[in-house]
Amino acid sequence: MARLKVGVLISGRGSNLQALIDACRDPTYPAEIVLVISSRPEASGLGFAASAGIPAAVIPHRDRHAFAADAEALLREQRIEIVCLAGFMRVLEPSFVEAWRDRMVNIHPSLLPAFRGLHAQRQALAAGVRFAGCTAHFVRPELDTGPIIGQAVVPVHPDDDEERLSARILEVEHRLYPLALRLIAEGRVSVVAEKVEIDGSRIPEIAALNPQETSSMPLAPTRD
Ligand code: GRF
């Protein structure tokens, strides 16, 4: 089985990169990470790439144009087929995004289209939403937009602060991102009229990432 060749772009911690690395360890997983590019030399995610023996490059994000040119050259050289943004914190040159149309995926810590941009979890708390989560989506030039591949939902608890909510969302990011990449690598994902269609998407693991009944309490008090 030829595995889909993936390049991962990071800027920092790299926990989503690690989740993808872990998924790729399974020999039946249909994708492999062959290149990591970091926009920052001090990104701790570079350590995860090194431990997994994955070649990594640092391309400082001096300006958008230079970054795009250097990244494009490396991605081509390694014959990358899909680019995954995993905590990549810079806005990409629109022509670079267009060149990778429907072949570049991002994970964002909100249920898009709500709370685009920075501090999505803080925005969710400020809005008082009852559910938060994350979204895996194809990338378009406008920040945090693009056809949605999958979403995972978590409850917001009354005593949540940004840190607790972020940790709860991060846990499901680490499940959703490998799942989205697997579906793409299996050739089951297509974009039709800017919406994602997933062949055979009624599989249980997707349902498991949607809200489940969380309590046996009735929504409103009942009288007997
Ligand atoms: C994640 O919350 C991701 O959704 C967002 O940036 C964060 C990156 O975390 N785009 P990590 O670097 O993958 O640990």
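The values are calculated or read from the model by the stated rules, or taken from the named source; none is laboratory data. Quick caveat: nothing in here was measured; it's all calculated off a predicted structure. Here the Cβ positions follow ideal geometry from the backbone for every residue, glycine too, while neighbour counts run over all protein chains shown. Surface areas here come from the heavy atoms of the whole protein model, side chains and all, with no ligands, DNA or RNA. Shrake-Rupley method; radii C 1.70, N 1.55, O 1.52, S 1.80 Å.
General observations
- As a length-normalised measure over Cα pairs under 8 Å and 6 or more apart, the relative contact order of the chain settles at 17 percent.
- By the Cα gyration tensor, the stretch 4-63 has an equivalent ellipsoid whose semi-axes, rounded to whole angstrom, run 21, 11, 9 from largest to smallest.
- C-alpha long axis of helix 64-77 to longest principal axis of the chain, angle in °: 80 degrees
- Share of pairwise Cα separations in the stretch 107-213, more than 23 Å, in percent: 26 percent
- Translational diffusion of the stretch 48-90, µm² s⁻¹ [Kirkwood Rh, Cα pairs; Stokes-Einstein; 10 °C; 1.306 mPa s]: 136 µm²/s
- For residue 85, nonlocal amide neighbours, meaning residues 5 or more places apart or on other chains whose placed amide H falls under 5 Å from its own, are 9, 105, 106, 107.
- Kirkwood hydrodynamic radius of the chain, from inverse mean 1/r over distinct Cα pairs, in Å: 18.2 Å
- Order by protection proxy (mean Cβ within 10 Å, highest first), peptides 16-24, 51-59: 16-24, 51-59
- Rounded to the nearest 500, the helix-only mean residue ellipticity at 222 nm of the chain stands at -10000 deg cm²/dmol, with each DSSP H run of n ≥ 4 adding -39,500 (n - 2.57).
- Three-way shape label, the stretch 1-100, alpha-carbon gyration tensor, a/c 1.5: oblate
- A cut-off of 5 Å between modelled amide H atoms, ignoring neighbours fewer than 5 places along the same chain, links residue 58 with 38.
- Amide H contacts of residue 145 (H built 1.01 Å from N, under 5 Å, at least 5 apart or other chain): 140
- Share of carbon and sulfur in the accessible heavy-atom surface of the chain [1.4 Å probe, %]: 53 percent
- Considering only beta bridges that DSSP places wholly inside the chain, some 45 percent are antiparallel.
- Taking Cα atoms only, the orientation of helix 162-185 departs from the longest principal axis of the chain by about 60 degrees.
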